[in-house]
Amino acid sequence: MPDLAITSSTETGKLPVMHLKRYWHKSVLKRNNEIKPDAFTDEWTLDITLLNALGLGLEPTIQYIYLENPSFEKFEDWILQVTGEPESEKIVRFNQLFTNDNIAENSITHSDNVLTSDDWDFWQRNGYVIIRNAVTRECCDEAIEALCDHINIKRHDPATWYNNHPAKQGIMVQLFQHPALEQNRKAFKIRKAFEEIWNRTDIWVNTDRVGFNPPVTQSYAFQGPRLHWDSSIMPPMPLGTQGLLYLADTAENQGAFTLVPGFQNKLEDWLKSLPLGADPRKQDLYALGAKPIAANAGDFIIWHHALPHGSSPNTSALPRFVQYINYEPTGKQESDIWL
């Protein structure tokens, strides 16, 4: 493949957003096989921060570029159609990553801490923590209403739960932008908990989707995902976080979120114990001590990305409703090797 000049991060279009044109250029070149898929992996966290600043979901953005092969002007128009005008405060803060002008102090203050000393002890031992009442039930109900409207179901009518709506992908629902979801992402206790875990305030919230896990029936099997990791597990694993908001009370048998507590402290030794050549992702991860997490509407779970995690079969009479939310800094470490 020939060497190609890639657009500079400081070049902008009608949207005053740095790195956007470069991101589009790289994506189109990859889409057209003009550069290798793993080119510019060192910019991955920067690319993700760009999408976070714009309020774009990763999956729909990639799908749009790969299906439409848009011009840059058309790509900008699509962003405006999906999210509206970007929030000026976010764009100013994002552009400062390239200009180094007036970078805000990012150390946290310890007033109004969300995490108690017991929470910290629990986090260190178990690799996850539950933030109780992080969001009001009213806000949760608004998010559930948006989810149900999006996939044309009724919350309390089982006859509607199993339709084949195109926005349903297993238990994932492809709803990314909605005021009810955005207000949950901005919840004080959620952001503050992430700031405390990262020990910094320059963190960015992602724009992720929601989840709907109805009860299994004779004609509807558990859709997964089963226990897995979403990142490389090459040790030593740097800090990485993931988060999930229960939008309704969820019992252990209600398709509850499931993880292996404390595995961030055991991963390296476990990998060494595997037979030579064994694929760690194909092992019986449930045998490691999987635990379903019951919690109430408005409770928020943060977990270390070293923990195997997933959903579980819903054998109750009620569906599980969740929203995925995560905050991470631009410069978070990533492993160079995928394992």
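The values are calculated or read from the model by the stated rules, or taken from the named source; none is laboratory data. Model, not experiment: these values are computed from the prediction. Positions of Cβ are backbone-derived with ideal geometry, glycine not excepted, and every protein chain shown enters the neighbour counts. The accessibility values were calculated without ligands, DNA or RNA, using every heavy atom of the protein model including side chains. Shrake-Rupley method; radii C 1.70, N 1.55, O 1.52, S 1.80 Å.
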* In segment 139-171, which residues are under 21 Å from Gly310 (Cβ atoms), within 18 Å of the chain's Cα centre (by Cα) and touching a residue at least 40 places away in the same chain (Cβ under 8 Å)? -> Leu147, Lys168, Gly170, Ile171
* Asked: Counting just the residues of segment 210-267 that are hydrophobic (A, V, I, L, M, F, W, C) and either at positive phi or open to solvent by 50 Å² or more (accessible area, probe 1.4 Å) (or both), which one comes out nearest to the chain's Cα centre (by Cα)?
  -> Leu239
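Go through segment 183-207 and give me each residue that's open to solvent by 50 Å² or more (accessible area, probe 1.4 Å) and either of a type in the set (Asp, Glu) or over 17 Å from the mean Cα position of the chain (by Cα) (or both). Explain how you work it out, then say what you get.
Taking segment 183-207 first, the residues open to solvent by 50 Å² or more (accessible area, probe 1.4 Å) are 183, 186, 188-189, 191, 199-200.
If the condition is that a residue be open to solvent by 50 Å² or more (accessible area, probe 1.4 Å) and either of a type in the set (Asp, Glu) or over 17 Å from the mean Cα position of the chain (by Cα) (or both), then Phe188, Lys189, Asn199, Arg200 are the ones that fit.
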* Give the residue, chosen from Leu181, Leu244, Leu175, that is touching a residue at least 24 places away in the same chain (Cβ under 8 Å), more than 22 Å from Gln81 (Cβ to Cβ) and of a type in the set (A, V, I, L, M, F, W, C). => Leu244
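Quick check, is Glu43 within 29 Å of Ala180 (Cβ to Cβ) and open to solvent by 20 Å² or more (accessible area, probe 1.4 Å)? Step through it out loud before you land on a result.
Working: within 29 Å of Ala180 (Cβ to Cβ): no; open to solvent by 20 Å² or more (accessible area, probe 1.4 Å): yes.
Criteria not met by Glu43.
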* Considering (1) in contact with a Ser or Thr (Cβ under 6 Å, 6 or more places away or on another chain); (2) over 20 Å from Ile6 (Cβ atoms); (3) open to solvent by 30 Å² or more (accessible area, probe 1.4 Å), say which one Gly57 fails and leave the rest. => (3)
* Asked: Which residue out of Lys14, Lys36, Lys30 is more than 20 Å from Asp202 (Cα to Cα), out of contact with any Ser or Thr (no Cβ under 8 Å at 6 or more places or on another chain), touching a residue at least 60 places away in the same chain (Cβ under 8 Å) and not aromatic (Phe, Trp, Tyr)?
  -> Lys14
* Can you tell me how many residues in segment 80-113 are open to solvent by less than 90 Å² (accessible area, probe 1.4 Å) and at pLDDT below 65? -> 2
* Residue check: is Glu268 acidic (Asp, Glu) and assigned to a loop (DSSP other than H, G, I, E, B)? -> no
* Asked: If a residue has to be in a helix (DSSP H, G or I), in contact with a helix residue (DSSP H, G or I) (Cβ under 7 Å, 6 or more places away or on another chain) and buried (at least 16 other Cβ atoms within 10 Å of the Cβ) to count, how many in segment 60-70 make the cut?
  -> 3
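Yes or no, residue by residue, for (1) part of a strand (DSSP E or B); (2) under 27 Å from Pro313 (Cβ atoms):
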site	(1), (2)
Trp204	yes, no
Gly211	yes, yes
Arg226	no, yes
Ser232	no, no
Pro236	no, no
Leu239	no, no
Leu244	yes, yes
Ala248	no, yes
